[in-house]
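Nothing in this text is a laboratory measurement; each read-out follows from the coordinates by a stated rule. Nothing here was measured: the structure is a model prediction, and the numbers come from that model. Backbone-built Cβ (ideal geometry, glycine too); neighbour counts: all protein chains shown.
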């Protein structure tokens, strides 16, 4: 539910956080992954509900149809991905801690999870807790869930839309975290 300006902000964030050649997991993938078009990348795996919608996503090299609310177990081997992108996904996860623990499992040490969201979501599909929180409380919730899942280096920020751009109305909030390196 991101507007064009917010999508551009997510792409800019990805450009700063995703290394060239990275293997990327796009969770609850849709028709766009918002990856920078000039970023060389490795494998890009999309996991989503609708194969036809994912077919339109030219960034994906592999598509897996799976409802993460029915089965949050990711069908990937341990330590095989560098980045996990969850763009406008968290409001709809019924088992976010289990999903984040699975993301931690499939990320390589030092790999990054990038969770982005706006204040717009589909109320009929979003979990009640998400709907009851404001954006600051949502970031605190994600911080707590990422910590409990085992992530470290948690950081958050936001980008507000400029007043002179009518195509951009949605603020974008992001929380990032890394899989710790082995001790």
- Relative contact order of the chain (C-alpha contacts under 8 Å, at least 6 apart) in percent is 22
- Message: If I histogram all Cα-Cα distances within region 82-183 using bins 5 Å wide from 0, what percent of pairs lands in each bin?
- Response: 2, 13, 23, 23, 17, 11, 6, 3, 1, 0
- Item | Rough spin-label spacing in nm, given labels placed 7 Å along Cα→Cβ, for residue 19 and residue 160 | 3.5
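If you take the Cα Rg of region 1-42 and divide it by 2.2 N^0.38 Å, with N the number of residues, what do you get? Spell out each step's value before the answer.
Numbers: Rg = 10.4 Å, N = 42, 2.2 N^0.38 = 9.1 Å.
Cα-based Rg divided by the globular estimate yields 1.14.
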- Item | For the chain, the spread of Cα positions along each principal axis, largest first, Å | 44, 34, 31
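Which order results if 116, 16, 43, 176 are arranged by neighbouring Cβ count within 10 Å, fewest first? Please list the in-between numbers first.
Numbers: 116 25, 16 8, 43 14, 176 21.
Result, fewest neighbours first: 16, 43, 176, 116.
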- Message: Suppose each label sits 7 Å from its Cα in the direction of the beta carbon; what would the residue 133-residue 65 distance come out to in nanometres?
- Response: 3.2
- Note on the structure: Inter-part gap, Cα centre of region 1-42 to Cα centre of region 95-121, in whole angstrom, is 14
- Message: Quick one: the Cα spread of region 1-90 along its three principal axes, in angstroms, biggest first?
- Response: 32, 29, 22
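With 10 angstrom as the radius, rank 130, 168 by how many other C-beta atoms surround their C-beta, starting from the fewest.
130, 168
Which value results when the Cα radius of gyration for region 55-106 is divided by 2.2 N^0.38 Å?
1.16
So what is the calculated 222 nm ellipticity per residue for the chain, using -39500 (n - 2.57) for each DSSP H run with n of 4 or more, over all residues, to the nearest 500 deg cm²/dmol? Can you show the working numbers first?
On the way: 5 runs with 50 residues, N = 183.
When only DSSP H runs of four or more count, the value is -8000 deg cm²/dmol.
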